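In what follows, a single structure is set out as structure tokens and then discussed.
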Amino acid sequence: MSQIDIPPVLVTGATGRVGRAVIDQLLDADVPVRALTRRSEAAATLPANVEVFAGDLTEPESLDPALSGAGAVFLVWTAPPQTAAAVVERLAAHVRRVVFLSSPHQTPHPFFQQPNPMAVLHADIERLIAATGHESTIIRPGMFASNSLAWWAPAIRAGEVVRWPYSAAESAPVDDRDIATVAARTLYQGGYVGGDYVLTGPESLTQAAQVDVIGDALGRRIAFEEMTPDEFRRLSEGTAPSSAVDMLLAAWSAAVGQPAYITTAVADILGTAPRTFRQWAVDHATAFTGGS
């Protein structure tokens, strides 16, 4: 594909774990990139050849400067739902293609079928995008491999036992870098319009097995103890919305004894196998030892 005179791609959620990686992938492909940020100081964390725009999804009119002249948008919804319709309307008025980072809420697997306010929001935004009639692609990552950083890294860095509920719940963690590479490919290449892709890692692993894999990457055994759901709820108070906690517990409970849902979408789009959780753990080992 020729990259001559390709219009800029606007990346929302530009400093987040997927958005930031999408920027790198687009730059590597010589695609001009714009980044939308709510805070001007965030620009310092972005590459110098990225055009940074201040804007906020809660203020749809603030997006207009960033959208003017853009060809596509990578949409990561990071706001309350009230302005979704106005934002999608503005996107449709300026760009020809939207790639939306959604969730696998349509996937026929118990893990993804639990009541989930975020899934309701994602479904609504998908309907809004479809109604515009513009080119669109939906990206649906399953469980992120990087979730383990928030969940288990503090205990592992401290040399403590990892205590967690539903140790036998299985998932197929997908590497953030694979998500970003797929998203970038669908933003600047043809052939993906109308695509709806569930992205997973290549293997089904219990939560306890994932901790073991991290231990292998660190060269030491990490002790794991089962925590009750009520304990998890108490420890999560003030750190996560209760609806999100209830959704996770219900999903993990439903996944016990159920091999994870696995797709070939990453390999189909990229032509290479998705990274394993072991690869991810080795590449991020320093994050579990106190390094950067």
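Taking H as built 1.01 Å from N, whose amide H comes closer than 5 Å to the amide H of Val11, not counting residues under 5 places away?
So Val11 has HN proximity to Arg34, Ala35, Leu36, Phe74.
Which of the DSSP-defined H helices in the chain satisfy a minimum axial length of 18 Å, computed from C-alpha atoms, and a minimum mean Kyte-Doolittle hydropathy of 1.0?
Length and hydropathy pass: 242-255.
Given axes a ≥ b ≥ c from the Cα gyration tensor, I'd like to know whether the range 25-122 is rounded (a/c under 1.5), prolate (a/b larger than b/c) or oblate.
Prolate, because a/c is 1.5 or more and a/b exceeds b/c.
Can you pull the one-decimal nm distance between simple spin-label points at Glu51 and Gln189, each 7 Å off the Cα toward Cβ?
The modelled label-to-label distance comes out at 2.5 nm.
Averaged per residue, what accessible area in Å² does the range 3-128 show with a 1.4 Å probe, protein chains only?
Solvent-accessible surface per residue comes out at 45 Å².
What does the charge dipole of the chain about its Cα centre add up to, to the nearest 20 debye, if the Cβ of each Lys and Arg holds +1 and the Cβ of each Asp and Glu holds -1?
180 debye
Determine the relative contact order of the range 64-195: mean sequence separation of Cα pairs under 8 Å and six or more apart, normalised by residue count, in whole percent.
That works out to 26 percent.
If you place +1 on the Cβ of every Lys and Arg, -1 on the Cβ of every Asp and Glu, and leave all else neutral, what size is the dipole of the range 2-44 about its Cα centre, to the nearest 20 Debye?
In debye, rounded to 20, the range 2-44 gives about 320.
Please work out the C-alpha center-to-center distance from the range 109-161 to the range 172-232 and express it in whole Å.
11 Å
How big is the antiparallel share of DSSP beta bridges in the chain, given as a percent to the nearest 5?
Antiparallel: roughly 15 percent of the beta bridges in the chain.
Using r as the Cβ-Cβ distance of Ser62 and Thr286, and R0 as 25 Å, what FRET efficiency do you calculate, to the nearest 0.05?
Rounded to the nearest 0.05, the efficiency is 0.10.
Consider the candidate values (i) 0.97; (ii) 1.39; (iii) 1.18; state which one is Rg/Rh (Cα atoms, Kirkwood Rh) computed from the structure displayed.
Label of the calculated value: (i).
Between Trp151 and Leu27, take the C-beta separation as r, use R0 = 35 Å, and let me know the FRET efficiency to the nearest 0.05.
0.70
Starting from the 7 Å offset along Cα-to-Cβ, what nm value, one decimal, do you get for the label separation of Val161 and Arg221?
1.4 nm
Carbon and sulfur together cover what percent of the accessible area of the chain at a 1.4 Å probe radius?
52 percent
Calculate the FRET efficiency for Ala42 and Ala86 from the Cβ-Cβ distance with a Förster distance of 30 Å, rounded to the nearest 0.05.
0.85
Can you give the charge dipole size of the range 147-292 about its Cα centre, rounded to the nearest 20 debye, using +1 on the beta carbon of Lys and Arg and -1 on the beta carbon of Asp and Glu?
Charge dipole of the range 147-292: 320 debye, to the nearest 20.
Any chance you could run the full-extension gain for Arg96 through Gln258? It's 0.36 nm times the residue separation minus the Cα-Cα distance, nm to one decimal.
Between Arg96 and Gln258, full extension yields an extra 54.3 nm.
With each pseudo-label sitting 7 Å past Cα toward Cβ, what's the Ala209-Arg233 distance in nm, one decimal?
3.0 nm
In a GNM of the chain with a 10 Å cut-off on Cα contacts, which of Ala180, Ala155, Ala265 has the highest mean-square fluctuation?
Fluctuation is largest for Ala155.
Which Cα, out of Ala217, Leu248, Pro259, lies furthest along the positive dipole direction of the range 154-261 (beta carbon charges, K/R +1, D/E -1)?
Ala217
Could you put Arg221, Arg34 in order of accessible surface area, largest first, with the 1.4 Å probe and the full protein assembly present?
Arg221, Arg34
The values are calculated or read from the model by the stated rules, or taken from the named source; none is laboratory data. As the structure is a prediction and not an experimental result, all values here were calculated from the model. A quick note on method: Cβ atoms are made from the backbone with ideal geometry, for glycine too, and the neighbour counts reach across all protein chains shown. For accessibility, only protein heavy atoms count, side chains too; no ligands or nucleic acids. Shrake-Rupley method; radii C 1.70, N 1.55, O 1.52, S 1.80 Å.
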